[in-house]
Amino acid sequence: MSKLKILEFPDPRLRTKATPVVAVDDALRVFIGDMFETMYAAPGIGLAATQVDLHKRLLVADVSVDKDQPHVLINPEIIEKDGVTVTDEGCLSVPGYYEEVERAEHVKVRFLDRDGNETELDAHGILAVCIQHEIDHLDGKLFVDYLSEAKRTRIRKKLEKERRQQNAVVI
Ligand code: GNR
Ligand code: NI
């Protein structure tokens with residue numbers, strides 16, 4: 001297994017619309033293992049393939065306290081959603097920033113599991129929020145897109161400045 005590099009806002013690759021997975025094979029399962037290693041190490045509760053520069057419709061999530069309830073969603077489709085919940089969201093691709101975002105409280109999602117079998121999941125609360133956040137990544141969308149342009153620009157400038165300072169250290 002290997003830990004993957006997570007792309008950070010405003011990297012333009014995060015704006016790529018991912019295309020459907022066509023084969024759930026051993027190579028994909030190795031990559032899924034790498035995504036879990038990357039997500040747990042970060043640590044995060046979800047990770048979309050887009051964030052690790054694979055532009056395929058694939059996400060992993062584990063919102064459990066003991067990190068023992070892994071979910072793999074391949075080609076996920078939200079087929080029902082209802083209710084409203086507001087969460088202080090963060091993102092591994094927008095490190096250090098947390099802002100309130102409104103999303104559906106419940107989603108029913110249809111997807112292929114890691115064996116390629118079609119499955120449905122009823123998700124509520126933080127798992128529902130996480131799945132919506134990850135599917136947004138697969139569509140090239142970030143949680144900062146729900147904020148005002150002023151807030152998004154402030155976050156972008158601060159992250160760009162941090163990046164410049166980090167790069168200066170290693171010269
Ligand atoms: O680790 C994460 N925490 C989180 C908290 C609130 C709402 C969404 C998330 S997802 C995030 C990991 C991540 O960036 N996934 O794309
Ligand atoms: Ni994210």
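The values are calculated or read from the model by the stated rules, or taken from the named source; none is laboratory data. What you see is a predicted model, and the numbers here were worked out from it, not measured in a lab. Here the Cβ positions follow ideal geometry from the backbone for every residue, glycine too, while neighbour counts run over all protein chains shown.
Side notes on the structure shown:
- Of the residues VAL101, VAL109, the single one that is farther than 18 Å from PRO43 by Cβ and within 12 Å of ligand 2 (Cβ to nearest atom) is VAL101.
- For segment 138-157, the candidate set comprises residues that are part of a helix (DSSP H, G or I) and without any contact (Cβ under 8 Å) to a residue 12 or more places away in the chain; within that set, the residue that is surrounded by the most Cβ atoms within 10 Å (Cβ to Cβ) is ARG152.
- Any chance VAL129 is near ligand 1 (Cβ under 10 Å from one of its atoms), of a type outside the set (D, E, K, R), modelled with pLDDT of 95 or more and more than 21 Å from PHE9 (Cα to Cα): no
- Test: residue in segment 80-90 that is within 15 Å of ligand 2 (Cβ to nearest atom), modelled with pLDDT of 95 or more and within 14 Å of the chain's Cα centre (by Cα): yes
- Filter result (more than 12 Å from ligand 1 (Cβ to nearest atom), more than 15 Å from MET35 (Cβ to Cβ) and in a strand (DSSP E or B)) within segment 76-101: GLU77, ILE78, ILE79, GLU80, LYS81, ASP82
- Test result for LYS67, of a type in the set (D, E, K, R) and within 13 Å of ligand 1 (Cβ to nearest atom): yes
- LYS67 satisfies every condition listed in (1) touching a residue at least 60 places away in the same chain (Cβ under 8 Å); (2) outside any strand (DSSP E or B) except (1).
- ALA27 free of Cβ contacts under 8 Å to residues at least 12 places away in the same chain, among the small types (Gly, Ala, Ser) and farther than 19 Å from VAL144 by Cβ: yes
- The one condition in (1) in contact with a helix residue (DSSP H, G or I) (Cβ under 6 Å, 6 or more places away or on another chain); (2) surrounded by fewer than 18 Cβ atoms within 10 Å (Cβ to Cβ) that CYS91 fails to fulfil: (2)
- Selected residue [farther than 27 Å from ILE155 by Cβ and either of a type in the set (Gly, Ala, Ser) or buried (at least 20 other Cβ atoms within 10 Å of the Cβ) (or both)] from GLY125, GLY83: GLY83
- Search result, residues across segment 44-57 that are within 13 Å of ligand 2 (Cβ to nearest atom) and free of Cβ contacts under 8 Å to residues at least 60 places away in the same chain: GLY44, VAL52
- Scanning segment 1-49 for residues that are of a type in the set (Ser, Thr, Tyr) and not in a helix (DSSP H, G or I), we see that the one that is surrounded by the most Cβ atoms within 10 Å (Cβ to Cβ) is THR16.
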